[in-house]
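**Student:** Below is the structure I would like to discuss, written out as structure tokens.
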Amino acid sequence: MAKRTLYLLFLGLLFFLPSGALAGETLDTLEQSIEAFLKSPDSRFAPATAARAQAILGAALMADRRHDTKALEESIQAAEATLSDARRLAHDFREKYAGLLQLEQAAVEAMGEVSDPQLNAAKVRVRALAESLERGKLNESVKLAAAAQTAFSKILNSKLVPLLNKTDAALIAASRAGAKRYAPVTYAAAQKWQAGARAYTDGLSKVWPLHPRLGLVLAERAREMAVQVKQWRKHAESHEALVLKARKEQLQIARALGMAVNPDDPAAEVHVNALVRRINDLTSDLERERQIHRKDIARLKQAHAQEMETKLAELRDEMARQQSKQAGELKEAYNIKLERLKAGFHTKLEQETFETRRQQQLHKLFKKGEVKILANLDGSLLIRLSTVKFAPGKADIDQKYFNLLSRVKTGLDKYPERKITIEGHTDNKGDARANQKLSLKRAEAVRDFLIAAGMAAGRLKALGYGEVRPVASNDYERGRSMNRRIDILIQAGP
């Protein structure tokens, strides 16, 4: 048990031992880069290439665990090159199909949070387009791009008119709320978007209005701003409340950033520029801490690698000692097993020689053609009494077969340790049930003869199979004659 535990520990260290701090850092960086690309939107523009980069990374990790430096370097270079290809493919796709991607984004925004089967199907076409370009199937990619563009256009056209109507209503509501006076910039932006969208729907422009919900959002925002400004104008104290609220929020941000401010001082104030400088300083400090952490991690990895190398060397020495000890034990066990095999072989050889002699003696008891002796694979023997015949429908043994059956008894006596089964068989003439009963009576007649000749009744068993076990065709007289028989089975030894 202790040896097995030691061996498993040895394998575990081999599995987790890094090949070196530098290789580990390179692999970590590469793994992070591939994972970042797979999580980015660009991954769908080069799915097969990105998957191949990930597979090569797996090969690099396995090479690192095997301490195969050459394979590790080759795998890292291949993974980096493949990741570079994936990035290039994604960049080229974005440039070549910028208009299609804008349509897709517009369709997504037009649908809002609603899941639409048509939109999902159009997105699938974009992915198929990317895969087609990866495989170099340019003709197919042209068809897929056209199909995707048509699908997105249909979605947008179906959504644009309702959105325009909602935007018209929102602009009217904003105008009534005084947005032209109190939120003129936002209101003008909403009108500009609405004019461009109307020009597209009226056929005056071919430029699709990006961000289909933008006009509606701006119009609603202008109305809300106008309502809020009018409320402020009605209440003069609300302006001071806004200033005090902004001051309070700035002080809260300053305290959260660790700046020394006194919230109880009514004159305390923190300028926005000071907050920005503080945030920049904290960002710089955070980056410096990250660099220090990276160095600490690299140092810990190197120390861990050295520690693992030392433990691995100790385990190798212990394994060598255990293997030397096991070699001696195995040799001793081998010699013992060899002696047992030799003894077993001699015993088996003697047994086989004894069985061969018994079979030879059994054969000598009979003349040619009197019986047929068959040796089965399980060690049993079958004595087929081909010449013993019965009168039709009878089970009486003719006296002329007494001598033959006496010699059969002599042969059976050579196997005193084995059980004997006497089987009766018939052809298919007549009733099957009557044939079975007749075959049993004939087997019992032979059994009774052997008992009368001196054999122990407990060794003998009679069975009647009738016509169900033919050894020849019943279509001919010769075959039927062969099927009418007595078989004596000397069962396999214990």
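Read-outs: derived from the displayed coordinates by stated rules, not from any lab. Keep in mind it's a predicted model, so treat the numbers as computed, not measured. Virtual Cβ from ideal backbone geometry, glycine too; neighbours counted across all protein chains shown.
**Student:** Length gain on complete extension for the stretch Ala303 to Val108, per 0.36 nm per residue less the alpha carbon to alpha carbon distance? Please list the in-between numbers first.
**Tutor:** Working: separation 195, 0.36 × 195 = 70.20 nm, distance 5.13 nm.
Full-extension gain reported as 65.1 nm.
**Student:** Still on this structure: So if the hydrodynamic radius of segment 98-234 is defined as the Kirkwood radius over C-alpha pairs, what does Stokes-Einstein give as its diffusion coefficient at 37 °C and 0.692 mPa s, in µm² per second?
**Tutor:** Details: Rh = 16.5 Å.
In µm²/s, the coefficient is 199.
**Student:** Could you tell me which of the pairs Lys372/Lys409; Lys364/Lys394; Lys159/Lys230 are separated by over 25 angstrom between their Cα atoms in the structure shown? Write out the running numbers ahead of the final one.
**Tutor:** Numbers: Lys372/Lys409 15 Å; Lys364/Lys394 31 Å; Lys159/Lys230 34 Å.
Going by Cα-Cα distance, Lys364/Lys394; Lys159/Lys230 fall outside the 25 Å limit.
**Student:** Asn165 to Glu95: FRET efficiency via 1/(1 + (r/R0)^6), r the Cβ-Cβ distance, R0 45 Å, to the nearest 0.05?
**Tutor:** Approximately 0.80, to the nearest 0.05.
**Student:** Rounding to the nearest 10 and keeping the result within 0 to 90°, find how far the Cα-based axis of helix 117-134 lies from the longest principal axis of the chain.
**Tutor:** The angle comes out near 80 degrees.
**Student:** If you don't mind, there's one more thing I want to ask. Kindly provide the helix-only [θ] at 222 nm of the chain, computed as the sum of -39,500 (n - 2.57) over DSSP H runs of four or more divided by all residues, to the nearest 500 deg cm²/dmol?
**Tutor:** Values: 15 runs with 347 residues, N = 494.
Result for the chain, helices only: -24500 deg cm²/dmol.
**Student:** Taking Cα centroids, how far is segment 161-204 from segment 78-93 in Å?
**Tutor:** 43
**Student:** Can you match volume of the Cα convex hull per residue in Å³ to one of these, (1) 438; (2) 238; (3) 184, based on a calculation from the structure here?
**Tutor:** (1)
**Student:** Run through the DSSP bridge list for the chain and note the antiparallel percent, rounded to the nearest 5.
**Tutor:** Working: 15 of 21 bridges.
Within the chain, antiparallel bridges account for around 70 percent of the total.
**Student:** Using R₀ = 25 Å, calculate the FRET efficiency as 1/(1 + (r/R₀)^6) where r is the Cβ-Cβ separation of Glu240 and Val217; round to 0.05. Could the numbers behind the result be given before it?
**Tutor:** Working: r = 31 Å, r/R0 = 1.22.
My answer for the efficiency is 0.25.
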